[in-house]
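Here is the structure we will look at, set down as structure tokens.
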Amino acid sequence: MSRDAQANRWVVIGWSLSAAIVFSLVASFGQGQTSAHATSKRSPTVPASAPKKGGASSSAVHKAAPSASTAAASLVHKSAAYWGGYRSDIIQQVFDGAFRGADMDRNTQFHILFSGYVEQYSDNCSDYLRGHFDHRVITHTVNGVVSTSAINIDYRYLPKYDEYSQNAGLDTLRVLTGSVSFGDVAAPALDMITFFSTERCDSAAVRQLGENLLRGANGQPSLQASGGSIAGAAAESQIDGVPSPAVASRLGAFGDGCNAFMHDPKTSRYGPRDPEAYCKCLSDGYRSVMTPAEQADYGKNFEAKFWRDIAQPRSDNPAWPRLNPVAVSCMQ
């Protein structure tokens, strides 16, 4: 998904804390309001830790994230190239467990990230909630136009989600007074959209981020600090410059071949500035253009049949007129 597409999607996402701040800012000029009500509330069977009160702090708490060499083998490590596709530091900070819970619970960007995780999980992964959630219907009113959206909230996240939503006025004040920029508010929300467009719902990465978000919100040590582990982490971990098996498998046979070519020391110099984004663009573009057999063939013989043929300005290959436009568009 392009950054412009992510930005457009963020405008219409449901009840995130960042969206609440936007509505609050609009409402301060008498133009809009947002309200929420539960339509089917159940009693949670696994209560979350009690909310922890804390003073207001507007700036992000930046701590050095663990390096690949120090990250536990039982947890997911993502490469510098992976995190280069995100706008804020807070998502990597939480993912890598480089935080103290008390700092996070008072942090506006953390509030946005936490709420964004809850909402994106609802949008993309509701099937994995297995009935253990609270269903909410949100009503928005802007310039007299009323719209509604629904969200399923995992019970473990519900107390803090409600707390952060209720404290949206304080976070709005921080934006209005300049102690937090609007970009600081928007970036974590957009990053969470990127994260869920990249990672599978059942991935170790999604579970690791979710667990550290809960721990940070409730003042508990991170998975990394407490020696925790996530099943399947090793298969998704990355070494800088090498895509993880989990990322490659999302791209299919053609994407695998592209990534292998772009990260091979002998051929990586030929690649564009963002080879992972380029391979994803190609993989997405060819899903409706290539047959599965073609994807496997061009992926297996990426350099000879695609890079030195289809991707060139001209070719005698009968498939060139059909396949070259996607190659050109992804290089732009």
Could you tell me which residue of the range 81-122 is surrounded by the most Cβ atoms within 10 Å (Cβ to Cβ), considering only residues that are touching a strand residue (DSSP E or B) at 6+ places or on another chain (Cβ under 8 Å) and closer than 15 Å to Ile193 by Cβ?
-> Val118
Within the range 138-166, how many residues are in a strand (DSSP E or B), at pLDDT below 90 and either within 22 Å of the chain's Cα centre (by Cα) or more than 27 Å from Arg215 (Cα to Cα) (or both)?
-> 11
Scan the range 280-291 for residues that are more than 19 Å from the chain's Cα centre (by Cα) and not hydroxyl-bearing (Ser, Thr, Tyr) and jot them down.
-> Leu282, Gly285, Arg287, Val289, Met290
Determine whether Ala319 is surrounded by 13 or more Cβ atoms within 10 Å (Cβ to Cβ), in contact (Cβ under 8 Å) with a residue 12 or more places away in the chain and farther than 26 Å from Ala81 by Cβ.
-> yes
Do any residues in the range 108-123 that are in a helix (DSSP H, G or I) have Cβ atoms under 8 Å from those of residues that are modelled with pLDDT under 90 and basic (Lys, Arg), where the two are at least six apart or on different chains, and which pairs are they?
-> Thr108/Arg174
Search the range 185-214 for residues being among the acidic types (Asp, Glu) and not in a helix (DSSP H, G or I), and hand back the single one that is nearest to the chain's Cα centre (by Cα).
-> Glu199
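Within the range 124-150, count every residue that is among the hydroxyl-bearing types (Ser, Thr, Tyr) and without any contact (Cβ under 8 Å) to a residue 60 or more places away in the chain.
Residues of the range 124-150 that are among the hydroxyl-bearing types (Ser, Thr, Tyr), as a first pass: 126, 128, 139, 141, 147-149.
Within this subset, residues satisfying the condition of being without any contact (Cβ under 8 Å) to a residue 60 or more places away in the chain are 126, 147-148.
Qualifying residue count for the region: 3.
Per-residue answers, yes or no, for (1) of a type in the set (A, V, I, L, M); (2) outside the structural domain of Ala293 (by TED's automatic domain parsing); (3) modelled with pLDDT under 80:
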| position | (1), (2), (3) |
| --- | --- |
| Pro188 | no, yes, no |
| Met192 | yes, yes, no |
| Ser203 | no, yes, no |
| Arg207 | no, yes, no |
| Ala225 | yes, yes, no |
| Phe254 | no, no, no |
| Glu276 | no, no, no |
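The values are calculated or read from the model by the stated rules, or taken from the named source; none is laboratory data. All figures in this text were calculated on a predicted structure; none of them were measured in a lab. In this analysis, Cβ positions are derived from the backbone assuming ideal geometry, glycine residues included, and neighbour counts consider all displayed protein chains.
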